[in-house]
Each structure stands twice: as C-alpha cells, then as structure tokens.
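Step one of this worksheet: look at the structure below.
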Amino acid sequence: AYKLTAGGKPVPLADSGGLSKKRIAVLYFQTGDSLATLADGLTEALIENLNTIPSLAVISAGGVGQYRGNDSIPPEDIGKALNAGTLVKGTLDQQGDKIRVSIRLLDGNSGVDFGDPKSFTVDGRNFAAVRDSTVTEVATLIRERIGGEVLLKEQRRATSNNDAWLLVQRAERLRKSAAATKGDSALLIRAQADTLLAQAETLDPKWPDPIIGR
C-alpha cells in the first residue's frame with residue numbers, strides 16, 4: 001500500500017509465506033534397503049551440484065541429515081525449520097535392471113507440491129547415468145519454479161566406474177557411523193572405511209574423491 005499510495009521506493013516482494021523459494025533443501029531420497037547406499041550418494045551428489053548455482057542457497061547434507069529416513073514430519077515444518085522455501089523429495093524403486101527415479105518439488109511454506117511430480121527410468125547398472133539424469137531433471141524443475149537461469153557449473157571429475165562409486169558411498173556411510181561412535185569401535189569403523197576408499201582409488205586412480213576421503 002505504501003508503494004502504491006505514497007510513492008515509496010519499490011522493493012522486491014517476499015515469497016508467499018515468507019520463505020525464499022531460492023533457498024533449497026534436498027531431502028535424502030527414500031528407498032528400500034537394497035538401494036540405500038545409492039540413495040544417500042545420489043542425494044549428496046545432487047546437493048553438491050546445486051551448490052554450484054550462484055542464484056541458489058542450498059542446505060548442506062548435514063543440515064538435512066536430521067530428517068533422513070523420517071517421513072512423518074510435515075514438509076512445511078521442515079521448510080520452516082531449515083528456512084527453506086523449496087524442498088526436493090525423491091524416491092528410488094528397483095524395477096529389474098532399471099531404477100525408477102521420482103522427484104517432487106514442494107513449497108516449504110505450505111508443504112504443497114509445486115507442479116506435477118517427475119519420474120524417469122534409468123539403467124540401474126549405470127550409477128553415473130542415474131546421478132546425471134537426476135541432477136539435470138531437478139535443475140529443470142527448479143528453473144521452472146524460480147524462473148531465470150539455473151545453470152550447473154562443470155563439476156570436478158566424477159567416476160564412471162560403478163564399483164568405485166559404490167565403494168566411496170559405502171565408506172561415507174561408515175564415516176557417518178564412526179562419527180556417532182566412540183573408542184576402539186570408531187577406530188575400527190574408520191579403518192574399514194579407509195580400506196574401501198583404498199579399493200576405490202585402485203579402481204579409478206584419477207578420481208579425487210577416494211583420495212580426499214582417505
């Protein structure tokens with residue numbers, strides 16, 4: 001009213017509900033036990049990729065980790081807790097040799113879906129294809145939501161070796177487990193993770209993630 005009647009300086013209007021739609025929380029993808037490692041790795045790869053977009057503010061994996069595996073909390077409550085106006089939720093389903101990926105974008109203010117869910121099927125034996133297709137589809141959905149350009153920068157080299165990628169994801173799960181464990185048990189878990197990373201490094205010596213992980 002001030003802008004229209006008193007000639008005040010125009011200011012950007014806030015998003016409905018107060019939470020910025022450009023602040024995004026990618027919740028851990030849900031799936032069965034057989035794809036749990038893939039789901040975690042896919043979620044974290046998506047967070048890392050979206051973080052390269054200057055126009056977005058993406059919640060870290062640590063920030064969304066508290067909601068991992070808990071589907072009972074209303075999305076609007078998660079949005080408010082993380083101060084995120086856009087939530088990304090996904091599921092993975094095994095269909096023979098294929099993996100079906102389903103993605104939803106939700107409004108963090110109200111919890112309602114933004115547009116229709118997106119689903120696609122990818123060769124389940126090619127983790128790189130699952131990762132790249134998911135990142136591309138989510139970036140497209142976000143671009144439709146916030147408008148303007150949502151361009152992914154070139155990422156550091158990712159492996160195309162399925163076994164190496166899976167070993168690193170297993171090591172990451174062990175690292176998280178060790179962080180919640182004390183004493184000799186934590187040391188043993190970290191040693192197991194290091195062994196997995198060493199194996200991954202052997203499979204793909206040019207991939208930096210195993211080296212960084214160790």
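What follows draws every value from the coordinates through simple rules; no lab data is involved. Keep in mind that this is a model prediction, so the values were computed, not measured. Note that each Cβ is placed from the backbone with ideal geometry, even for glycine, and that neighbours are counted across all protein chains shown.
So what's the angle, to the nearest 10 degrees on a 0 to 90 scale, between helix 162-179 and the longest Cα principal axis of the chain?
Taking the Cα atoms of the chain, the angle to 162-179 is about 80 degrees.
Show me the trypsin sites (Lys or Arg not before Pro) within region 54-134 that DSSP assigns to loop and that have at most 13 other Cβ atoms within 10 Å of their Cβ. Present the calculation step by step, with values, prior to reporting the outcome.
Numbers: sites: 68, 80, 89, 98, 100, 104, 118, 125, 131; in loops: 68, 125.
The qualifying sites are 125.
GNM on the chain, C-alpha springs below 10 Å: top fluctuator among 142, 53, 24?
53
Mind telling me which of 183, 111, 69 comes out most flexible in a GNM of the chain, alpha-carbon contacts under 10 Å?
Result: 183 has the largest fluctuation of those listed.
Taking R0 as 25 Å, what's the FRET efficiency between residue 186 and residue 163 from their Cβ-Cβ distance, rounded to 0.05?
My answer for the efficiency is 0.40.
Quick one: of 21/176; 22/206; 21/118; 98/118, which pairs are farther than 25 Å apart, Cα to Cα? Please list the in-between numbers first.
On the way: 21/176 30 Å; 22/206 34 Å; 21/118 19 Å; 98/118 16 Å.
Checking Cα-Cα distances, 21/176; 22/206 exceed 25 Å.
Over all Cα pairs of the chain, how is the pair count split among 10 Å bins, expressed in % and running from 0 up to the last occupied bin?
In order of increasing distance, the bins hold 8, 30, 33, 19, 6, 3, 1 percent.
Given a Förster radius of 45 Å and the C-beta distance between residue 144 and residue 199 as r, what FRET efficiency does 1/(1 + (r/R0)^6) yield to the nearest 0.05? Present the calculation step by step, with values, prior to reporting the outcome.
Working: r = 41 Å, r/R0 = 0.91.
Efficiency, rounded to the nearest 0.05: 0.65.
Per the helix-only calculation at 222 nm, which mean residue ellipticity applies to the chain, given -39500 (n - 2.57) for every DSSP H run of n ≥ 4 and division by its residues, nearest 500 deg cm²/dmol? Please report the intermediate quantities before stating the final value.
Details: 8 runs with 96 residues, N = 214.
Estimated from H runs of four or more residues: -14000 deg cm²/dmol.
Using Cα pairs under 8 angstrom and six or more residues apart, how large is the relative contact order of the chain, in percent? Display every interim value, and only then the final one.
Working: 342 pairs, mean separation 37.3, N = 214.
Reported as a whole number, the value is 17 percent.
Applying the Karplus parametrisation 6.51 cos²θ - 1.76 cosθ + 1.60 with θ = phi - 60° to the phi angles of region 45-52, what ³J(HN,Hα) value in whole Hz is obtained for each residue in order, glycine and proline being reported as x?
5, 5, 4, 4, 5, 5, 5, 7
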